1. So if I take the centroid of the Cα atoms in the stretch 228-243 and the same for the stretch 117-162, what is the distance between those two points in Å?
2. Using every pair of alpha-carbon atoms in the stretch 203-259, split the distances into 5 Å bins beginning at 0 and state the percent of pairs per bin, rounded to integers.
3. Take the Cα atoms of the stretch 120-183, find their three principal axes, and give me the spread along each one in whole Å, biggest first.
4. Could you tell me the ratio Rg/Rh of the stretch 73-150? Both radii from Cα atoms, Rh via Kirkwood.
5. To make sure I understand, if each residue's beta carbon is the centre and we count other beta carbons within 10 Å, what order do 236, 211 fall in, fewest to most?
6. Take 218, 156 and order them by how many other Cβ atoms sit within 10 Å, fewest up front.
7. Using label points projected 7 Å from each Cα along Cα→Cβ, tell me how many nm separate residue 166 and residue 74, to one decimal.
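Every number here is computed from the coordinates shown, using simple stated rules; none is lab data. Here the structure is a predicted model, which means the values were calculated and not measured. Note that we place each Cβ from the backbone using ideal geometry, even for glycine, and neighbour counts take in every protein chain shown.
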């Protein structure tokens, strides 16, 4: 669609129609933004100011979520954040989906501190986090290496009667293992099985890796055997992890052999 066509389309609407809250018009804008590079023209600052001038009655949270999704899908995070700020300042109450959309983009770009701030803001605004929210936060904290905060988030989730899914368990176990908190990682692994969830290949890969890298080679082998006994098929990550484990075992054998030679050579 050319700029002239977009202008004609706008002029063809009746004067009384609010083009931001009208569903058919909004759908056309969404389709145009997804299929063209005209998003900066379709969602101009002037149009945003016009929305602000119309007052809170001209739009609702569903429309806010739609436009946020469009901006985030186009990679325009700063613009989405500004839109979010304007709408919330005008009295639109965000829902979990609104916060999750923003947090997901922060986590994907590595802005974990910002995602953590949004999570805390949800509590202040009395918007209960859902499972998707906790998944995002734990994923972000895991990548930050903040196993301590991830554990506190887990406690908060459990107190609210929530539950962990396989992704959350894997993320937490990985974070704890990389932080050197092996006993806690082992306990969480057992808790996962007790809850009725079966470890998957990702879980076993994590357990083999963290035990290998902390020198607990017997335990690493134990989890490998456990994985095979459970009928869980290895993948390419398993192969890489086992290569590392094999090198560590060979290194240990060499060290033992060196110690034995020194004993034999001693008078």
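1. For the stretch 228-243 versus the stretch 117-162, the Cα centre distance is 30 Å.
2. 4, 21, 30, 22, 12, 6, 3, 1
3. Cα extents, longest axis first: 35, 20, 17 Å.
4. Values: Rg = 12.2 Å, Rh = 12.7 Å.
A ratio of 0.96.
5. Ordered by Cβ neighbours within 10 Å, fewest first: 236, 211.
6. 218, 156
7. For residue 166 paired with residue 74, the spin-label model returns 3.7 nm.
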